[in-house]
Amino acid sequence: MGKDVIVALDFKNREETMEFLDRFEEEKPFVKVGMQLFYAEGPSIVKEIKKRGHKVFLDLKLHDIPNTVKGGMASLKDLGVDMTNLHASGGVEMMKAAVEGLTREDGSRPILLAVTQLTSISQEIMNEELGIQGKLEEVVCKYASNAKEAGLDGVVCSPLEASLIHEVCGNDFLTVTPGIRFAEDAKGDQKRVTTPSKARLIGSDYIVVGRSITGASDCVSAYRKAMEEFVGRE
């Protein structure tokens, strides 16, 4: 599967979202719809974006008991999204239930990913606040192994851990990596970050870029820059 840049549509409502997408006259970026936009606008926003020709990563990070997550995924399976996710910390049985709920009658389903540790989580926070012992990289790789065992397609992880996960789970196991900033941009609230070009070298399969594109004065040029650095083309 080819590399791609996923643009995070972290907007408050439909109007802001469509105003942003209208700026792209030639490209149809792969986009991410997260909690803020989905909770504000509901499934209709996904359907409208899909009608415009964009691939959609629905980023809701489901996390509950297995039966509840299975039902949640069943409600999403016919929405037309190309990718969605849940938290790996819910365990293998929860992830297996998610696969079952997301799979359509013909056997097809969107790409399903497990979130390992958020890019806002540091080693110190994981150990001291969350009470999870061990090295962050080891925990992330264990969560990735659990996701592969459960039949998922890959994980959402920091780009700094992408190569380790490929070593543990194989090159066909996808790594989708937020925490991407251009070299000149601030880190914001994320701790484990890197640039598109470094993510490419490390081995990320997809990168998720938000503020570096959506907050740019020329968002189309910023998107093209990310594509050039990560994919190697404009």
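The values are calculated or read from the model by the stated rules, or taken from the named source; none is laboratory data. Please read all numbers here as calculations on a predicted model, not as lab measurements. We place every Cβ from the backbone using ideal geometry, glycine too, and count neighbours over all the protein chains shown. Ligands, DNA and RNA are excluded from the accessible area calculation, which covers all protein heavy atoms including side chains. Shrake-Rupley method; radii C 1.70, N 1.55, O 1.52, S 1.80 Å.
In summary, residue 114 fulfils each of the numbered conditions (1) crowded, with 19+ Cβ neighbours inside 10 Å; (2) among the aliphatic types (A, V, I, L, M); (3) free of Cβ contacts under 8 Å to residues at least 24 places away in the same chain with the single exception of condition (3). If you go through the range 58-86 and keep only what is open to solvent by 40 Å² or more (accessible area, probe 1.4 Å) and touching a strand residue (DSSP E or B) at 6+ places or on another chain (Cβ under 6 Å), you end up with 61, 63, 82. Of all residue pairs spaced 6 or more apart or on separate chains, those with beta-carbon atoms under 6 Å, a first member in the range 88-101 that is open to solvent by 10 Å² or more (accessible area, probe 1.4 Å) and at pLDDT 95 or above and a second member that is among the charged types (D, E, K, R) and in a helix (DSSP H, G or I) are 92/149; 97/70; 100/70. The set of residues from the range 7-33 being in contact with a Lys or Arg (Cβ under 8 Å, 6 or more places away or on another chain) and not in a loop (DSSP other than H, G, I, E, B) comprises 7, 8, 21, 30, 31.
Residue-by-condition table, conditions (1) assigned to a helix (DSSP H, G or I); (2) over 15 Å from the mean Cα position of the chain (by Cα); (3) surrounded by fewer than 16 Cβ atoms within 10 Å (Cβ to Cβ); (4) at pLDDT below 95:
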site: 134; (1), (2), (3), (4): no, yes, yes, yes
site: 162; (1), (2), (3), (4): yes, no, no, yes
site: 176; (1), (2), (3), (4): no, no, no, no
site: 224; (1), (2), (3), (4): yes, yes, no, no
site: 227; (1), (2), (3), (4): yes, yes, no, no
site: 233; (1), (2), (3), (4): no, yes, yes, yes
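Note on the range 183-219: among residues that are open to solvent by 20 Å² or more (accessible area, probe 1.4 Å) and aliphatic (A, V, I, L, M), the one that is modelled with the lowest pLDDT is 186.
Conditions (1) of a type in the set (A, V, I, L, M); (2) under 20 Å from residue 8 (Cα atoms), marked per residue:
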{"residue": "123", "(1), (2)": "no, no"}
{"residue": "145", "(1), (2)": "no, no"}
{"residue": "156", "(1), (2)": "yes, yes"}
{"residue": "159", "(1), (2)": "no, yes"}
{"residue": "162", "(1), (2)": "yes, yes"}
{"residue": "167", "(1), (2)": "no, no"}
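Being in contact (Cβ under 8 Å) with a residue 24 or more places away in the chain and either surrounded by fewer than 15 Cβ atoms within 10 Å (Cβ to Cβ) or among the small types (Gly, Ala, Ser) (or both) is the filter here; which residues of the range 1-17 pass it? Those that are in contact (Cβ under 8 Å) with a residue 24 or more places away in the chain and either surrounded by fewer than 15 Cβ atoms within 10 Å (Cβ to Cβ) or among the small types (Gly, Ala, Ser) (or both): 1, 2, 8, 12, 13. The C-beta contact set for the range 20-47 (first residue without any contact (Cβ under 8 Å) to a residue 60 or more places away in the chain and farther than 19 Å from residue 177 by Cα, second residue open to solvent by 90 Å² or more (accessible area, probe 1.4 Å) and in a strand (DSSP E or B), distance under 8 angstrom, 6+ apart or interchain) is empty.
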